[in-house]
1. Starting from the range 14-121, pick out the trypsin sites (Lys or Arg not before Pro) whose DSSP state is loop and whose Cβ has at most 10 other Cβ atoms within 10 Å.
2. From the protein chains alone at 1.4 Å, what is the descending order of accessible area for Phe7, Phe47, largest first?
3. Sort Glu115, Glu24 by accessible area with a 1.4 Å probe, largest first.
4. Counting only C-alpha contacts under 8 Å and six or more residues apart, can you give the relative contact order of the range 51-121 as a whole percent?
5. Longer than 24 Å from Cα to Cα, which of Lys70/Lys114; Lys15/Lys114; Lys15/Lys53; Lys15/Lys74 are they? Say none if no pair is.
6. Quick one: work out the % antiparallel among DSSP beta bridges in the chain, nearest 5.
7. Given a 1.4 angstrom probe, what's the average accessible area per residue across the range 1-106, in square angstrom?
8. Heavy atoms only, probe 1.4 Å: what % of the accessible area of the range 1-118 goes to carbon and sulfur, would you let me know?
Amino acid sequence: MQHNPGFLTLVNDAKAHVKETDVEGYKKMVAAQKPHVLIDTREDNEFAAGHVKGAVHLSRGIIERDIETKYPDKDATLVLYCGGGFRSALVAESLQKMGYKTPISLDGGWRALKESGLPLE
């Protein structure tokens with residue numbers, strides 16, 4: 001997908017300030033049974049078409065509004081994914097501003113997760 005320059009500027013700025021992991025790093029978290037919440041930040045239709053088994057759906061459009069109700073513990077590790085890792089970086093930055101200490105953007109997003117061997121729904 002070709003992204004607009006202004007969007008890429010926002011994403012690159014967010015990526016400079018948030019923690020990221022790739023699929024292999026995430027798989028290591030799962031294998032080590034590190035407590036976390038996996039959050040799919042894609043749109044409703046994207047989530048409905050397929051997602052990682054057990055992922056919670058809070059799209060980019062509503063997550064800032066609803067996250068404190070669903071996950072009030074600001075120390076919780078929140079692993080965020082979108083299609084490729086751009087929107088999830090923006091969400092991670094927003095959650096940091098809201099006081100969450102460990103939001104992690106999954107670089108590569110759904111495109112990488114589909115090939116990861118993790119269970120999908």
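The values are calculated or read from the model by the stated rules, or taken from the named source; none is laboratory data. Because the structure is a prediction, the values reported are computed rather than measured. Quick reminder, even Gly has a Cβ in these numbers, built from the backbone with ideal geometry, and neighbours come from all protein chains shown. Keep in mind that these areas ignore ligands, DNA and RNA; they rest on the heavy atoms of the full protein, side chains included. Shrake-Rupley method; radii C 1.70, N 1.55, O 1.52, S 1.80 Å.
1. Listed in order of number, the matching sites are Lys53.
2. Phe7, Phe47
3. Heavy-atom accessible area, descending, gives Glu115, Glu24.
4. Value for the range 51-121: 39 percent.
5. Over 24 Å apart, Cα to Cα: Lys70/Lys114; Lys15/Lys53.
6. 5
7. 53
8. Roughly 50 percent, rounded to a whole number.
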